[in-house]
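What follows is calculated from the coordinates using simple rules that are stated; it is not laboratory data. The model shown is predicted, which means the values in this text are computed figures rather than measured ones. Please note: Cβ atoms are built from the backbone with ideal geometry, for glycine as well, and neighbour counts cover all protein chains shown.
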């Protein structure tokens, strides 16, 4: 089987998926340990029997619904390649908005925290672009922190990791910027039992009856932990912007702004501690 034939076959196997072509290419790149350019320059290159068998197994697992990132063990985010597994959320492009907003406010020497860091994606992306800051990353899951630490070592980035529920045990008025992609899906949302979400940790996805329980808690804590004029930046669901802005207002934040992601969906609210 050639590369060209393998891709055509894979697309038929994954025909039910709207991302069949992308999934096929990512999985074949993983098997061949190559870049997508190889598909254009060497379409007649033949796979070995072992490569064909490995590709076939991956396609079967993808047909069963396993996320591509879990099958390859890696996901690109910002400028980094991050290891991921079932203990962390899979980093998504929309979350890069948090990174760019934080970088707009950063200055050397600032103290920054990423709450609920998961794979470490946000903290490591910020640190990679702004090495002259002090970066803290927290998560309640020990398994998630192990993955985040692995990614920090893999990318040679210095980040302080702490296990904890949001900002508990963090000194008051000690941080300049807080960023977070917290759980924000309603507990009864049917999407939790569909697609890739089925294989991601529920504790990192769902947050009470309205999806806002964790956001309320972290905004309230951030109002005490941030320095005067420090910034809080929170990702939320596409239909939660007004509610999140209200939570910011209730906790004394000013200069509250709503930002849209690359798909023009409401995605992040930021605010300044008075």
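Under a point spin-label approximation (7 Å from Cα along Cα-to-Cβ), what is the residue 15-residue 199 distance to one decimal in nm?
Modelled inter-label distance: 2.3 nm.
Determine the gain in length on full extension of the stretch residue 50-residue 246; use 0.36 nm per residue of separation and subtract their C-alpha separation, reporting nm with one decimal.
Values: separation 196, 0.36 × 196 = 70.56 nm, distance 5.65 nm.
Length difference between fully extended and current span is 64.9 nm.
In deg cm²/dmol and to the nearest 500, what is the mean residue ellipticity at 222 nm of the chain if only DSSP H runs of at least 4 residues count, each as -39500 (n - 2.57), divided by the residue total? Mind showing how you got there, number by number?
On the way: 10 runs with 104 residues, N = 274.
Computed ellipticity for the chain at 222 nm equals -11500 deg cm²/dmol.
Relative to the longest principal Cα axis of the chain, at what angle does helix 142-154 sit, 0 to 90 degrees, rounded to 10?
Result, in degrees: 70.
Taking the chain as the reference, fit the longest principal axis to its C-alpha atoms, fit the long axis of helix 20-32 to the helix C-alpha atoms, and give the angle between the two in degrees, 0 to 90, nearest 10.
Once rounded, the angle reads 80 degrees.
In whole percent, what relative contact order does the chain give with Cα contacts below 8 Å and a gap of six or more residues?
Here the relative contact order equals 14 percent.
Give, in nm to one decimal, the length gained when the segment between residue 5 and residue 162 is fully stretched (0.36 nm per residue of separation minus the Cα-Cα distance).
Working: separation 157, 0.36 × 157 = 56.52 nm, distance 4.82 nm.
Once the chain is fully extended between residue 5 and residue 162, it gains 51.7 nm.
Report, in degrees rounded to the nearest 10, the 0 to 90 angle that the Cα long axis of helix 241-250 makes with the longest principal axis of the chain.
30 degrees
Does anything in the range 224-255 have its amide N under 14 Å from the 7 Å Cα→Cβ label point of residue 210, and if so which residues?
In the range 224-255, the label zone of residue 210 (backbone N under 14 Å from the point 7 Å along Cα→Cβ) covers 237, 239-251.
Pulled fully out, how much extra length does the chain show between residue 60 and residue 142, if you take 0.36 nm times their separation in residues and subtract their Cα-Cα distance?
Details: separation 82, 0.36 × 82 = 29.52 nm, distance 3.08 nm.
That works out to 26.4 nm of additional length.
Give the peptides 160-173, 39-52 in descending order of average Cβ contacts within 10 Å, highest first. List each step's numbers first, then the result.
Numbers: 160-173: 14.7, 39-52: 12.8.
By packing density, highest mean first, the sequence is 160-173, 39-52.
If you count, for each residue, the other Cβ atoms within 10 Å and average over each peptide, how do 20-28, 246-254 line up from highest to lowest?
Working: 20-28: 19.0, 246-254: 16.4.
In descending order of packing, they fall as 20-28, 246-254.
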